[in-house]
Amino acid sequence: MDPSKPEEQHLRHVEKDVLIPKMMREKARDRCAQHVDAFNHCCKDAGFFMVFQCREENAALKQCLTQHYQDPAFFEECKQEYLREKREFVQTGIPAKNRTQKLPTSM
């Protein structure tokens, strides 16, 4: 492994098969927000009969999510973002979710 080429880092099994797909799911849900909202609205309105009444919304949501999951460019985008966050964590020691800039307060 050449440290001068961070893009070609070897990914551990858990990174490739768990962490990056998790990031992909979160981003895909954001990109398919319209379908997620339509499905949620249908489920709330249909109640117990949502299994039968929301098939169309469920199919559209699945199609949108699957389209993103199977896109190699989307995987590469998420992989690069994961590697960037990993590099920042190694440099700072602060996880990405806790890395918000806190403004100093004056009294």
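Values as computed for the structure displayed
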{"item": "Pairs from LYS22/LYS44; LYS62/LYS97; LYS44/LYS97; LYS16/LYS86; LYS16/LYS44 whose Cα-Cα separation, in the structure shown, is over 24 Å", "result": "LYS22/LYS44; LYS62/LYS97; LYS44/LYS97; LYS16/LYS44"}
{"item": "Gyration tensor over alpha-carbon atoms, segment 15-89, equivalent ellipsoid semi-axes in Å", "result": "31, 12, 9"}
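Each value in this text was obtained by applying a stated rule to the coordinates, not by laboratory testing. From a predicted model like this one, the values you see are computed outputs, not experimental measurements.
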